[in-house]
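**Q** Have a look at the structure that comes next, please.
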Amino acid sequence: MGDETLTFFLNTWNLMFLHAILTVWANHPPFNNLQHTISLMSIGYLIGDLGLVTLAALRSKLLNNIILDDEFFMQIEELNESAWQDLDITHDPRVIFVMANEFFGTPCIRICKTESLNEDLSNAFHEYLNHYSCYKSTQNIEKQKIILLPEIVERYQTSISQNTKNDLQSNNSNSKNLFSINNYFESSDENIIIQYIPFSYSYSIILKYSTYINPHHHKQINQYKVVWGNHSIRSSLLQYLEKQCWIVSYLLQRINNENPTILENSCDNLKRTACLENLITAFWIKELKLIFENNQTLTAIYEKISTQKLWFHFEHMLKENKWNACLKFIDALPTYIALNSELQYFRDKILSYIISEKNAIPNAKILQYLYQIKDVYILSQTIFI
């Protein structure tokens, strides 16, 4: 029963992962760790009595938290936890070499069979190391061969070391089928030093190791910013623009947070700019200006908001524990952005987190927030916290 269940969920994982890569991440890969976490939590299949099984939940069950990103959201017990416990899934660290993933160092896609599962897992381990140990190696002045391996190998090694320690303490032999990374290389005559490459997203698929060339993708974040407040406008240019088109002069000065001189010259200009001034000082503009260098005029002028900037800002706010501010920011977004499925899920998770901090908000506010949660699974988890 244990092998059949494990085989089913390993094949389900690879199918679900392929589905996510081809239909979601191929066109819109997550920009940063926060968006990646939300994406894993919101993509899933409905499976029998288990209900919605997300990528995040299935990875946690199969890998027993070998790869767990709880930087932003605490791990909450699944609604159907009793159904999961009835399944009694076998935890075998070797499955990490069978489960395709979104990082550099993903294993190749393979189909597992119940009758040969143990052999399949062992073969997956050896084929994975055969492939990635050839990826990039160097030799130092001490004639040591340095082999670079993906970080999931280090996670595996840490896991089996802990398993071996626990088995020795309890006189069990559950680790007899587990292979140490050091044991794999001990047959070599060379003095080998293993170093690990930190996680980086690649969102690639490997069908066969023999036909795949290892690219090392690493997401680079452009930190360059144009800070309008550090620039000044030539007075001669302003004078020229006032004579040619006073509204352009007015906008340039507002963008630079200066008092427009054109308003001093005519009362009619005050009436002409009243609507624009109302827009610039609107409450939602004041919220959104944070991603436009705190410039309300730029916020009002720009029609499009960068998705990358949004998720970068969300991640920054959560790292500073500004959950309520993050909620206000999302509520200020235009409808065409706010209706995005990932953003809606993210908003529900924020509401759930705020509600879980019961001592920080009054009961009336808790009820108000509960009514706003749209995802039925998040709502149910929140109620039972």
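**Q** Between the stretch 24-38 and the stretch 356-385, what's the alpha-carbon centroid distance in Å?
**A** 26 Å
**Q** Let me ask something additional. What pairs from Lys289/Lys349; Lys113/Lys374; Lys328/Lys358; Lys208/Lys319; Lys61/Lys365 go past 29 Å between their alpha carbons?
**A** Lys113/Lys374; Lys208/Lys319; Lys61/Lys365
**Q** Gain in length, Lys304 to Thr5, computed as 0.36 nm per residue apart minus the alpha-carbon separation, to one decimal in nm?
**A** Going from the current span to full extension adds 102.9 nm.
**Q** Further question on the same structure: Taking H as built 1.01 Å from N, whose amide H comes closer than 5 Å to the amide H of Ile193, not counting residues under 5 places away?
**A** So Ile193 has HN proximity to Lys145, Ile146, Ile147.
**Q** Another question, if that's okay. Once both labels are modelled 7 Å past Cα along the beta-carbon direction, what's the Asn191-Tyr209 spacing in nm?
**A** 2.8 nm
**Q** To continue, here is another question. If you count, for each residue, the other Cβ atoms within 10 Å and average over each peptide, how do 298-307, 334-343 line up from highest to lowest?
**A** Per-residue mean Cβ counts within 10 Å order the peptides as 298-307, 334-343.
**Q** In units of 2.2 N^0.38 Å, what is the alpha-carbon radius of gyration of the stretch 304-384?
**A** 1.09
**Q** Let me ask another. If I stretch the segment between Ile109 and Ala364 completely, what's the gain in nm (0.36 nm per residue apart, minus their alpha carbon distance), one decimal?
**A** So the extension gain works out to 86.8 nm.
**Q** Further question: Quick check on the exposure proxy: order Val24, Val95, Val53 from fewest to most C-beta atoms within 10 angstrom.
**A** Placing the least packed residue first, the sequence is Val24, Val53, Val95.
Every read-out reported here was derived from the displayed coordinates using simple, explicitly stated rules and does not represent laboratory data. Keep in mind that what you see is a predicted model, and the values were worked out from it rather than measured. When we count neighbours, we look across all protein chains shown, and the Cβ atoms used for this are built from the backbone with ideal geometry, even at glycine.
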